[in-house]
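Here's the structure, in structure tokens; my notes come after.
The values are calculated or read from the model by the stated rules, or taken from the named source; none is laboratory data. Since this is a predicted model, take the numbers as computed values, not measurements. Methodologically, a virtual Cβ is constructed for each residue, glycine included, from the backbone with ideal geometry; neighbour enumeration extends over all protein chains shown. With ligands, DNA and RNA removed, areas are computed over all heavy atoms of the protein, side chains included. Shrake-Rupley method; radii C 1.70, N 1.55, O 1.52, S 1.80 Å.
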Amino acid sequence: VFAGGCTLEAAEQICAQIADGEQVAVGGARLAPSLPPIDVDVLDTIGSLVDKSLVRQIESQDETRFVMLETIREYAQLRLATSGETQPLRRQHVAYYLDFAERAEPELAGPQQAEWLDRLEDEHDNFRAALGWAIQAGGPELAMRISGALGRFWYARGYLTEGRNWLKSALKSALAQQSEADQSAQQTDLMVQAKALNLAGILAAVQIDYEDALACYTQSLEAARQIGDQFSIARALINLGDISMNQEDFAQAHTYYSESLGIFQALKHRFGIAQALHNLGLTALHQEDYPLAKHYLEEALALFKDNGDVYQIATLLSDLGELALAQRDYARSRRLYIESLELRRELNSRDEIADCLESLATVAGAMGYPERAACLGGAVEALREALGTLLAPSERSTYERAISSGRSQISEAAWAAAWAEGRTMAIEQAIALAKESLTL
């Protein structure tokens, strides 16, 4: 039943003895009757399979994982299908991985987020299998809950298109089943849908599909307002502000962010407050009100540091680097970008690594190192192509102006050669080049 292997804990919880007729409970959902009693000791059974070389034992992230060769797994799946036990085991598999995803979600905004991102990476194939079964077998709310919990993982690790596809499939399936639900179930569905739509919008926006992102955010806001969910309302407003800012409508962005900040302050939601302050800082930066931008960004950074949120700390350091760059303080800008890059490398957050390398290319050009600027530019271009991400229009115009400064310092042939060299670089090579010392 597992895809990509499993831990002993997962095997025991999914495959161990369960009372006849018992239902698997997950949050507010109960997943149909499970298997009849299985008279088996999971640890002894796995040990026996390892001894017979039918299962391999590997070490991953301080955990022991058990993996079947694919040919053996295919045969085992056929035997499982003929036993009539596939569906009950699939229910238990979905229940376990839904619980895993929802336990992991708050950890992705805390000091242990790098460890939890790696754990989710190890289990990604199992999440794919759980999502596929939930959607096909008529459990769209479960699929939306899993997708909602995995949103930040998909974003951080660059699974943007895949994440959007899972969210869209779950939402489509949910809407098809919604008409006959009772009122309390509809309220639950709307809460889950508001979150799923919001995440689908985030992933679309990263891929510069603003039309789809705007539709998702608008539907998320409508769902949240129907049930009076203030947190989801504020979250949708934040993201609508992001669309406005990326389309360079800074006045509208400021309106959305300010409204969101007021709601988060009423809720005393520290992360939301920090996020709204952060975005107000970016709006001030784009409007060239540098003292106000510094005030907002540093206040947001302090809040994220209190929470130990490494991802957001890295983002704020990068944005403060952008502020220093706008003020032509190149040494400070470079120092902040490198500090951000190190944290993003720790998280293996590839899209944000690309952002930092792009910024460091800009600084290199401004400091009189055009070959390095071109080389880093080529490396970023190749990385973005692999990830399927693009720069927002408001960021692209700034980047292109900065790159043109470096490009004007050398011949077109030299620039093209350095750019082509960068396109062949592995990401670690590009990071090492970006960190090599520069002097004004």
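Evaluate the distance, in nm, between pseudo-label points positioned 7 Å from the Cα of GLU381 and of ILE227 along their respective Cα→Cβ axes.
4.7
Mean-square fluctuation check for the chain, GNM, Cα pairs under 10 Å: which of SER83, SER244, SER333 is largest?
Among SER83, SER244, SER333, the largest mean-square fluctuation in the Gaussian network model of the chain belongs to SER83.
Nearest 20 debye, what's the magnitude of the dipole of the chain about its Cα centre given +1 on Lys and Arg Cβ and -1 on Asp and Glu Cβ? It would help to have the intermediate numbers written out before the result.
Working: 38 positive and 63 negative charges, 111 e Å.
In debye, rounded to 20, the chain gives about 540.
How large is the charge dipole for the range 239-388, taken about the Cα centre, if only the Cβ atoms of Lys, Arg (+1) and Asp, Glu (-1) carry charge, to the nearest 20 debye?
It comes to approximately 380 debye.
Considering only GLY308, GLY47, GLY365, give the residue with the highest GNM mean-square fluctuation for the chain, with springs between Cα atoms whenever their separation is below 10 Å.
Taking springs between Cα atoms under 10 Å, the residue moving most is GLY47.
State, as an integer percentage, the relative contact order of the range 265-410 based on alpha-carbon contacts under 8 Å between residues 6 or more apart.
Numbers: 166 pairs, mean separation 23.0, N = 146.
Rounded, it is 16 percent for the range 265-410.
Might you tell me the accessible area per residue for the range 195-325, computed with a 1.4 Å probe and given in Å²?
Numbers: 5070 Å² over 131 residues.
In whole numbers, the range 195-325 has 39 Å² accessible per residue.
Mind checking which of GLY148, SER244, MET425 is farthest towards the positive end of the chain's charge dipole, using Cβ charges of +1 (Lys, Arg) and -1 (Asp, Glu) about the Cα centre?
The residue sitting farthest along the positive end of the dipole is SER244.
Using the basic label-point model (7 angstrom from Cα toward the beta carbon), what is the LEU78 to ASP41 distance in nanometres?
3.2
Return the carbon/sulfur percentage of the accessible area of the chain, one whole number, probe 1.4 Å, all protein chains in place. Provide the component values of the computation, followed by the final result.
Working: 9970 of 19840 Å².
Solvent-exposed carbon and sulfur of the chain make up 50 percent of the total.
Tell me, in nm to one decimal, what length is gained between LEU175 and GLN207 on full extension, where the rule is 0.36 nm per residue of separation less the Cα-Cα distance? Let's see the in-between values first.
On the way: separation 32, 0.36 × 32 = 11.52 nm, distance 2.48 nm.
Between LEU175 and GLN207, full extension yields an extra 9.0 nm.
Output ³J(HN,Hα) for the range 269-278: one whole-Hz value per residue in order, computed from phi by the Karplus curve 6.51 cos²θ - 1.76 cosθ + 1.60 with θ = phi - 60°, and x for Gly and Pro.
Once rounded to whole Hz, the list reads 9, 5, 5, x, 4, 4, 5, 5, 4, 4.
Between VAL42, VAL380, VAL310, find the one with the highest GNM mean-square fluctuation for the chain; connect C-alpha pairs within less than 10 Å.
Between VAL42, VAL380, VAL310, it is VAL42 that shows the largest mean-square fluctuation.
Two decimals, Cα atoms only, Kirkwood Rh: what is Rg/Rh over the range 311-440?
Details: Rg = 13.2 Å, Rh = 14.3 Å.
Answer for the range 311-440: 0.93.
What percent do you get for the relative contact order of the chain when only Cα pairs under 8 Å and 6+ apart count? Walk me through the numbers on the way to the answer.
On the way: 634 pairs, mean separation 46.1, N = 440.
After rounding, I find 10 percent.
Report the local net charge at LEU297: Lys and Arg +1, Asp and Glu -1, summed over other residues whose C-beta lies under 10 Å from its C-beta.
On the way: positive: LYS294; negative: GLU298, GLU299, ASP319, GLU322.
Summing Lys/Arg as +1 and Asp/Glu as -1 gives -3.
Could you check the simple spin-label distance between THR161 and ASP289, using points 7 Å along Cα→Cβ, in nm with one decimal?
It is 4.1 nm.
Of GLY262, VAL55, ALA104, which is farthest on the positive side of the dipole of the chain, counting Cα position, with +1 on Lys and Arg Cβ, -1 on Asp and Glu Cβ, and the Cα centre as origin?
GLY262
For the range 314-424, what is the charge dipole size about the Cα centre, in debye to the nearest 20, if Lys and Arg each add +1 at the Cβ and Asp and Glu each add -1 at the Cβ? Intermediate values should be presented prior to the final figure.
Working: 13 positive and 17 negative charges, 46 e Å.
Dipole size: approximately 220 debye.
When the helices in the chain are scored as -39500 (n - 2.57) per DSSP H run of 4 or longer and the sum is shared across all residues, what 222 nm value do you end up with, to the nearest 500 deg cm²/dmol?
On the way: 21 runs with 331 residues, N = 440.
About -25000 deg cm²/dmol.
Does anything in the range 64-90 have its amide N under 20 Å from the 7 Å Cα→Cβ label point of ASN348, and if so which residues?
Flagged as within label range: 64-68.
With every protein chain present, what is the per residue accessible area of the range 65-108 (1.4 Å probe, Å²)? Walk me through the intermediate numbers first.
Details: 2250 Å² over 44 residues.
Roughly 51 Å² per residue, with all protein chains present.
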